[in-house]
1. Looking at (1) within 24 Å of the chain's Cα centre (by Cα); (2) modelled with pLDDT of 90 or more; (3) not small (Gly, Ala, Ser), which one does Thr316 not meet, given that it meets all the others?
2. Just the residues that are touching an Asp or Glu at 6+ places or on another chain (Cβ under 6 Å), in a strand (DSSP E or B) and in contact (Cβ under 8 Å) with a residue 60 or more places away in the chain, please, taken from segment 245-275.
3. What is the residue count in segment 213-244 for residues that are more than 20 Å from Gly199 (Cβ to Cβ) and either within 16 Å of the ligand (Cβ to nearest atom) or free of Cβ contacts under 8 Å to residues at least 24 places away in the same chain (or both)?
4. Would you mind listing the strands (runs of 3 or more DSSP E) fully within segment 288-366 where at least 2 residues are over 17 Å from Thr395 (Cα atoms) and assigned by TED's automatic domain parsing to the domain that holds Lys238?
5. Given Ala134, Ala183, Ala207, Ala195, which one is modelled with pLDDT of 95 or more, within 16 Å of the ligand (Cβ to nearest atom) and touching a Cys at 6+ places or on another chain (Cβ under 7 Å)?
6. Any residue in segment 154-169 that is within 16 Å of the ligand (Cβ to nearest atom) and in a loop (DSSP other than H, G, I, E, B)?
7. Confirm whether Val335 is modelled with pLDDT of 75 or more and under 25 Å from Leu299 (Cβ atoms).
8. Here is a list: Asp118, Asp102, Asp139, Asp82. Which entry is of a type outside the set (S, T, N, Q), modelled with pLDDT of 95 or more and buried (at least 20 other Cβ atoms within 10 Å of the Cβ)?
Amino acid sequence: MLRRTILALALAALVPACGGSSSTSNSVPTGPLSSSDTDLLAQLAVKALLTETGNTPSSTAPTIEPVAGEQRVLVILVNFKDSPNQPWTVEQARQVVFEETDAFLRASSNERTWLTGDVAGWFTLPMSSMTKDARSISDTARNAARAANVPVDTYPHLVIAFPHAPALPFQGEGTIGGSPTIAWANGVLDRRTVAHELGHNLGLRHARALTPGSLVAEYGCPSSVMGSGDGDFTAPDKVRLGWMRAEEISNSGTYQTRPIEEGGPALRIPRGSTVYWVEARRGVPGVLVRIEDPEGDLLVATGTSFRDEITGLALTCEGTNVSVLLDEPTGGREVVDLAGQQFGSRELEGAMVLDYRRDGPRWIARATLSDVRVGAKPAMGALDLDAIGGGGTVTGSVNGSLVASFPFSFP
Ligand SMILES: [Zn+2]
């Protein structure tokens, strides 16, 4: 009920961004959460997606099919007519993909899946290294390999590797699924890059995190290769891929967990519209706590204790024992979708998340800007909350320009 109120007010009160933006190159910070943060009680502003239908946690999970057995990969090495250098030998490419990345996937999947395949090339493409179009590189590379009688179309996964093409805005890129799946390696061909892009190919999103400043860091998880680290995929991803078991928690109690590198299990704790995942990792004291999100699960805490009063969840961790205390929720969470709103002449995307809880006779609220982009570019944002009592005003800015100001009231 509150949600509708806020949405309606927000839509009525949104104003066009004034002044325009001269700082479109701003990006969301990607620094990792400190792993020494063990007392996280006060600083959490967690984000969750409220679904249209209410409390249906499973609908917020990304759709990822289990992956098992042999994954056949064709690596195509290509360069450009103006840049015909060959940064790697065929043998080096084979080692990176079919030994190092293969070993990573075998370990992560507990030998449920592995890589086989071939390396084709080098082919010099009749195009410039200054191209801005990754898809034209992969299309032209496939044609070049076909012309050399390589059975390109029999491989479900393609890795296209080429010397640095400076106009492309990435070092690696991968399709999320697809037939075939395609991974692009732009000037860097190493195990981390290939494992990350193949992770996308298998359906995975980035391992994101909420920063202390309440912004979403796209690569924020310092542990997973799908974040800023180079370790194993996250527990929720491994469970979705069918590589690990999750224990569903719906009662308070003490549960055993082990590092995901040793098979887990992970703990999955649905609380209203929020689904928590708790995982242990080798070398990380305590546990990592994530919130399930279809755009990439959010790491919200690392350490030996965690508490979210809004959803009534408390965790304490001692060795391999995780004590879970499930209380009555004392508040709620509202999401205001910013998609479709204009920022100057461009489209704004992202959300405002409002967490609120009762504290004795008072209400306390915290607002978070989540995943804000102007067009396709990540943007910096901030929210001010002028509250407390029965309601207040939330104002938000992106790249310094006001985008929304709306009143709200608690239920
Ligand atoms: Zn990525």
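The values are calculated or read from the model by the stated rules, or taken from the named source; none is laboratory data. Just so you know, these numbers come straight off a predicted model, no measurement behind them. Every residue, glycine among them, receives a Cβ derived from its backbone with ideal geometry; neighbour counts consider all protein chains shown.
1. (1) is the only condition that Thr316 fails.
2. Just the residues of segment 245-275 that are touching an Asp or Glu at 6+ places or on another chain (Cβ under 6 Å), to begin with: 260-261, 265-268, 275.
Imposing the further condition that a residue be in a strand (DSSP E or B) reduces the set to 266-268, 275.
Of everything in segment 245-275, just one residue is touching an Asp or Glu at 6+ places or on another chain (Cβ under 6 Å), in a strand (DSSP E or B) and in contact (Cβ under 8 Å) with a residue 60 or more places away in the chain, namely Val275.
3. Kept after step one, since they are more than 20 Å from Gly199 (Cβ to Cβ), are these residues of segment 213-244: 213-215.
Subsequent filtering for residues that are either within 16 Å of the ligand (Cβ to nearest atom) or free of Cβ contacts under 8 Å to residues at least 24 places away in the same chain (or both) retains none.
Residues flagged as more than 20 Å from Gly199 (Cβ to Cβ) and either within 16 Å of the ligand (Cβ to nearest atom) or free of Cβ contacts under 8 Å to residues at least 24 places away in the same chain (or both) within segment 213-244 amount to 0.
4. Values: elements: 298-303, 305-308, 313-318, 321-326, 331-337, 341-343, 346-359.
Passing ranges, in order: 298-303, 305-308, 313-318, 321-326.
5. Numbers: Ala134 fails: touching a Cys at 6+ places or on another chain (Cβ under 7 Å); Ala183 fails: touching a Cys at 6+ places or on another chain (Cβ under 7 Å); Ala195 fails: touching a Cys at 6+ places or on another chain (Cβ under 7 Å).
Going through Ala134, Ala183, Ala207, Ala195 in turn, just one is modelled with pLDDT of 95 or more, within 16 Å of the ligand (Cβ to nearest atom) and touching a Cys at 6+ places or on another chain (Cβ under 7 Å): Ala207.
6. yes
7. Numbers: modelled with pLDDT of 75 or more: no; under 25 Å from Leu299 (Cβ atoms): yes.
Spelling it out, it is not the case that Val335 is modelled with pLDDT of 75 or more and under 25 Å from Leu299 (Cβ atoms).
8. Working: Asp118 fails: buried (at least 20 other Cβ atoms within 10 Å of the Cβ); Asp139 fails: buried (at least 20 other Cβ atoms within 10 Å of the Cβ); Asp82 fails: buried (at least 20 other Cβ atoms within 10 Å of the Cβ).
It is Asp102.
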